[in-house]
Amino acid sequence: MSKVTAPAPASSPAHVAPDGPVPTVGAAPSAPVLAARWALSHGLLRTVVASRARGGSDDARLLRDPAWQAEPWAHYRLLREGRPFARGPMGKITAHHDVVTRVLRSDDFGVADRARVLPAPARAAVRVLGPRRYAGVDSPPSMLAVDPPDHARFRRLVTRAFTAKAVAALRTRTEEIAAGLLDELAGSFEREGAVDLVRRYAALVPVTVIAEMLGVPPEMRPTLLAWGDGAAASLDMGMPWASYARAERSLAAFDGWLREHLRGLREAPRTDLLSTLVQVADDDGSGLTEQELVATSMLILAAGFETTVNLISNGAVRLFEHPDQRARLAAEPGLWPNAVDEVLRHDSPVQRTARMARRDTEVDGVPVAGGEIVVTVLGAANRDPAVFADPDRFDVARTNAKDHVAFSSGIHYCLGAALARMEGEVALRALFTRFPDLAPAGGAVRRPTVILRGWETLPVRG
């Protein structure tokens, strides 16, 4: 078994120059406001989580300890000892596949309002500071952060532009992109020996696909990666100050560029997805407002490559660690689609999400009060032995691999699931077919994020 070991996560963003500044387009928030927001939200939560970790909360420790985040599986088994819920640092948490699915699909639960975990004085102070002036992937009107009827309207409009037929038509282009990048990798192996698989391949396949889909100019793609990487940490709670400041500045810059780009598409629409979104109308003739359009575009852009980067890099690592499974795929290439679902199950790119009870309810007879937040641990549900036999075993031929919840469930099921599966399959199949002796070169670094699980750098030799 070829084991990939990772040193402590670096603080630099993935896929970009380690100490490079955030590319700036839009107006960045003022430093005093930014500092006040962090102190009242993430700073306060960091203090609470640290206190609860010292008090013996294992889940609080996981949120703070990179070693536990790297190998959370033993902790997930302990969480499953609580049925239906275990006690997390902020309330109820579940690691059971059936409970996770039920909560995610229930009308009794909606998107979580992060402010609800803050003390009332902190919530009041945040309100005084006022809302962001720029859009984000983690706050309304992003689809991730709204419930019906707004969520249904956004999803209906986006689905009209993001069809299954459009995704299927992208497969040939994705294969061309992968082949071109692999040609470049072959030359790099000859010149350099070891190369970073994340920076040179896993990140570039999905960002090229999504950029072409959305009409992003080629020269903007490195900047797009930088903004996406900076903003990815915004899904975490209790971010350190440096990560928070970078995330907010990335979102502000992303917002500014998107507004200008969308204005250009209104004046001269093309055939790409964003041009379609600018023009698409609902049944009553209404479309998306500018803020809704910016938030939706930002989510599609970020989600279109951030989680897929993790899928590709996690899949490569799993295949490095399981040469028997790699050999089976070489002998039975028809297993590749199922192998991608097994990667999603075994090493989920998104580890957890939260829901808030919309009213007083109960789960398996346990009361959940209206306004109470429940954390669903997707990565743990995907290793639930009640659903997956021998769940810690990585098996590319697992018959029920598709039963995972890596793409969530219910109305917030990932809109880009088909695209991610296709890109993951094309990228991994092409990589290991072209380089059958590909091996880790040491020095891999995990991403310093909790919600999103993947690799920041992954040196390999061909």
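The values are calculated or read from the model by the stated rules, or taken from the named source; none is laboratory data. Owing to the predicted nature of the structure, the values given are computational and were not obtained by experimental measurement. Counting neighbours? That spans all protein chains shown, and the Cβs are built from the backbone with ideal geometry, glycine included.
How many residues are in contact with a Pro (Cβ under 9 Å, 6 or more places away or on another chain) and among the β-branched types (Val, Ile, Thr) if we restrict to segment 216-269?
Count: 1.
Per-residue answers, yes or no, for (1) under 29 Å from Gly410 (Cα atoms); (2) among the hydrophobic types (A, V, I, L, M, F, W, C); (3) in contact with a Gly (Cβ under 6 Å, 6 or more places away or on another chain):
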position: Arg132; (1), (2), (3): yes, no, no
position: Phe154; (1), (2), (3): yes, yes, no
position: Ala164; (1), (2), (3): yes, yes, no
position: Glu176; (1), (2), (3): no, no, no
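Condition check: of a type in the set (Asp, Glu) and touching a strand residue (DSSP E or B) at 6+ places or on another chain (Cβ under 6 Å). Does Asp138 satisfy that?
no
Out of Ala203, Ala166, Ala232, I need the residue that is aliphatic (A, V, I, L, M) and surrounded by fewer than 20 Cβ atoms within 10 Å (Cβ to Cβ). Which one?
Within the list Ala203, Ala166, Ala232, the selection yields Ala166.
Could you please find all residues in segment 343-368 being among the β-branched types (Val, Ile, Thr) and in contact with an Asp or Glu (Cβ under 7 Å, 6 or more places away or on another chain)?
Within segment 343-368, Thr361, Val368 meet the criteria.
Filter segment 380-408 down to the residues that are closer than 12 Å to Ala95 by Cα, in contact with a Leu (Cβ under 8 Å, 6 or more places away or on another chain) and either not in a helix (DSSP H, G or I) or not aliphatic (A, V, I, L, M) (or both) and list them by number.
Asn382, Val405
Would you be able to say whether some residue in segment 255-267 is part of a helix (DSSP H, G or I) and within 27 Å of Arg352 (Cα to Cα)?
Scanning segment 255-267 turns up at least one residue that is part of a helix (DSSP H, G or I) and within 27 Å of Arg352 (Cα to Cα).
Of the residues that make up segment 385-400, is at least one more than 14 Å from His346 (Cβ to Cβ) and without any contact (Cβ under 8 Å) to a residue 40 or more places away in the chain?
Yes, the conditions are met somewhere in segment 385-400.
Considering segment 148-163 alone, what residues qualify as being buried (at least 18 other Cβ atoms within 10 Å of the Cβ) and either touching a strand residue (DSSP E or B) at 6+ places or on another chain (Cβ under 7 Å) or farther than 19 Å from Met213 by Cβ (or both)?
The answer is His151, Arg153.
Could you say whether any residue in segment 416-429 is modelled with pLDDT under 95, buried (at least 20 other Cβ atoms within 10 Å of the Cβ), in a loop (DSSP other than H, G, I, E, B) and under 14 Å from the mean Cα position of the chain (by Cα)?
Yes, there is a match, as at least one residue in segment 416-429 is modelled with pLDDT under 95, buried (at least 20 other Cβ atoms within 10 Å of the Cβ), in a loop (DSSP other than H, G, I, E, B) and under 14 Å from the mean Cα position of the chain (by Cα).
Can you confirm whether Ala169 is over 22 Å from the mean Cα position of the chain (by Cα) and modelled with pLDDT of 95 or more?
Here the answer is no, as Ala169 does not meet what is asked.
I need the full set of residues from segment 202-228 which are hydrophobic (A, V, I, L, M, F, W, C), under 21 Å from Thr163 (Cβ atoms) and at pLDDT below 90, in order please.
The answer is Ile210, Ala211, Met213, Leu214, Val216.
Restrict the check to segment 44-61 and report whether at least one residue is closer than 26 Å to Leu319 by Cα and modelled with pLDDT of 90 or more.
No, the conditions are met nowhere in segment 44-61.
Hey, among Gly88, Gly110, Gly82, which residue is crowded, with 20+ Cβ neighbours inside 10 Å and at pLDDT 85 or above?
When all the criteria are applied, what remains is Gly88.
Need a quick list: strands (runs of 3 or more DSSP E) entirely within segment 42-120 having at least 2 residues that are touching a residue at least 40 places away in the same chain (Cβ under 8 Å).
In segment 42-120, the matching strands (runs of 3 or more DSSP E) lie at 91-94, 109-111.
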